[in-house]
1. With a cap of 13 neighbouring Cβ atoms within 10 Å, and only residues DSSP puts in a loop, list the trypsin sites (Lys or Arg not before Pro) found in the range 210-256.
2. Determine ³J(HN,Hα), in whole Hz, for all residues of the range 41-47 in sequence, where each value follows from phi through the Karplus function 6.51 cos²θ - 1.76 cosθ + 1.60 and θ = phi - 60°; x replaces Gly and Pro.
3. Gly69's amide H: which non-local residues (gap 5+, or another chain) put their own amide H closer than 5 Å, with H modeled 1.01 Å from N in plane and none for Pro or chain starts?
4. Between His133 and Glu225, how many nm apart are label points set 7 Å from Cα along the C-beta direction?
5. When the distances between all Cα atoms of the range 322-441 are binned every 5 Å from zero, what whole-number percent does each bin get?
6. Percent of Cα-Cα pairs more than 29 Å apart in the range 187-339, please.
7. Ala176 versus Glu534, label points 7 Å from Cα toward the beta carbon: distance in nm?
8. Given N residues in the range 5-170, what is its alpha carbon radius of gyration divided by 2.2 N^0.38 Å?
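None of the figures in this text is laboratory data; all of them are computed from the coordinates on show. From a predicted model like this one, the values you see are computed outputs, not experimental measurements. In this analysis, Cβ positions are derived from the backbone assuming ideal geometry, glycine residues included, and neighbour counts consider all displayed protein chains.
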Amino acid sequence: MTTPKKASDLFVECLEAEGVEYIFGVPGEENLDLLESLSDSSIKLVLTRHEQGAGFMAATYGRHTGKTGVFLATLGPGATNMVTAIAYSQLGGMPTLAITGQKPIKHSKQGRFQILDVVAMMEPVTKFAHQLHSGDNIPSRVREAFRLAEEEKPGATHLELPEDIAAEDAFTQPIARSVARRPSAETKAVRQAVEAIEAAKSPVLVIAAGANRRMTSNMLGEFVEKTRIPFVTTQMGKGVLDERHPLFLGCAALSAGDFCHRAIEDADLIINVGHDVIEKPPFFMDADGAKVIHISNTTAEVDPVYFPQIEVIGDIANAVWQIKEAITPQDTWSCGRMLEYRAADVAHSDPLEADTRFPIFPPHLVRQVRGAMPDDGIICLDNGVYKIWFARNYTAYLSNTVLLDNALATMGAGLPSAMMSAMLYPDRRVMAICGDGGFMMNSQELETAVRLGLNLTVLILRDDAYGMIRWKQANMGFKDYGLTYGNPDFVKYAESYGAIGHRITSSEHLTDVLAETGNTPGVHVIDCPVDYTENDQILNH
């Protein structure tokens, strides 16, 4: 007979069997057995100052590694605080496991105090949500949560561990990770795609969120080199291929009418790789327009603007490899006009990026940051109008060096995302880029960053308003109302946490400070005033 062990010990052993390195979170009394078990494990507990920060860190761990990031909270308010981060990882395709505690489920003595149906709350925003009713069920439920979190499309899972279940004896053992390979695309579908591409006059490649995987990046690079077909990225496809490539046409950061959208409109065939409906579509289909080949792990979700004529379903990297191997580049392909749009884009942007006015002009800010970051440097964008500028104008050289959220598009994720990046890659430069509104939503995590001894820069773009909504408010003809606020002294605020504060006074000063913070260890916070007043004139060209 198997020797009994405490269920919380078994739970931690199951996490160790899955290769878990960190658990991020804010524990409560319902997690105390689990905490005790963690204290004797190989897993490092990273205590954060809010459950959102823990969840954003776990999601970023999943985004970088492809492995499930794990975060922890108590019942009731701890669990409700998790929901935004869970939705962030679910929509963004980042594998995570959220663990929550619960009051005893067999003999409750506290009525309904703090008790919500957390599993029911999690079901709409996860791939799997389950309350553990028995210690002996822990191994199978943990293995299933990790399997589903990492299976394409990756996303969020949830397990609730009630305190009486955590404390009981269990008699089972962890289940080893299974080995699984995604199915390959069907040969006939590949042949149809090859024939359509060879018959096209002006094909274009669109690289989207689902293509942001290491092997897919390699195969797409080989495909572009062999075919010389130009490519566009969506915001969450940035960096899949080096954007210094002469065939790069731009990032679909704006709506129809921008230069890269005009290039797409010039195509008669769109090879759409890794399309995910969570992103704003990089193009709209019509019955008489370009044909579309959909290459993805899953079939297309058809709607009025997306109904591809050919679908190649299976492992994306393998599908691209099969097409690349079978295709014969055609002399009849004509992509010159697309490249002219890219040249016009660069010509349009260059003088704007050279504008050194103060407060800092957004195009110039992007150029400054790009100049300060090494090739493998990682920028982690919060959400605001500046995200458009960075998606559109910041040249990504490597995969997962521009972390932005074009799925849930939540504020408050930039700083925790940068913290996780700095933990994983201590030898690379990491910068969080946040609006003042988004920064203040999780600014308390500065204490966590300092406590962990991280090296990172937090660039706060200050306009003393919820700038994106204020811009749209003006665009839609509404009066300026309800969107401006005051801010703390960000230099003193940083120093109160033990970070290093900097206040920008000119464009030249920003250049110097970005260089200084890149060469000085510690957590740096930069208060940088920005000027968004000419967004319309610049973006509506």
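1. Arg228, Arg244
2. 3J(HN,Hα) across the range 41-47, in whole Hz: 10, 7, 7, 8, 8, 10, 7.
3. Those lying under 5 Å, H to H, from Gly69 are Gly62, Thr96, Leu97.
4. 5.6
5. The calculated distribution, bin by bin, is 2, 10, 16, 18, 16, 13, 9, 8, 5, 2, 1.
6. 5
7. Those two pseudo-labels are separated by 6.4 nm.
8. 0.92
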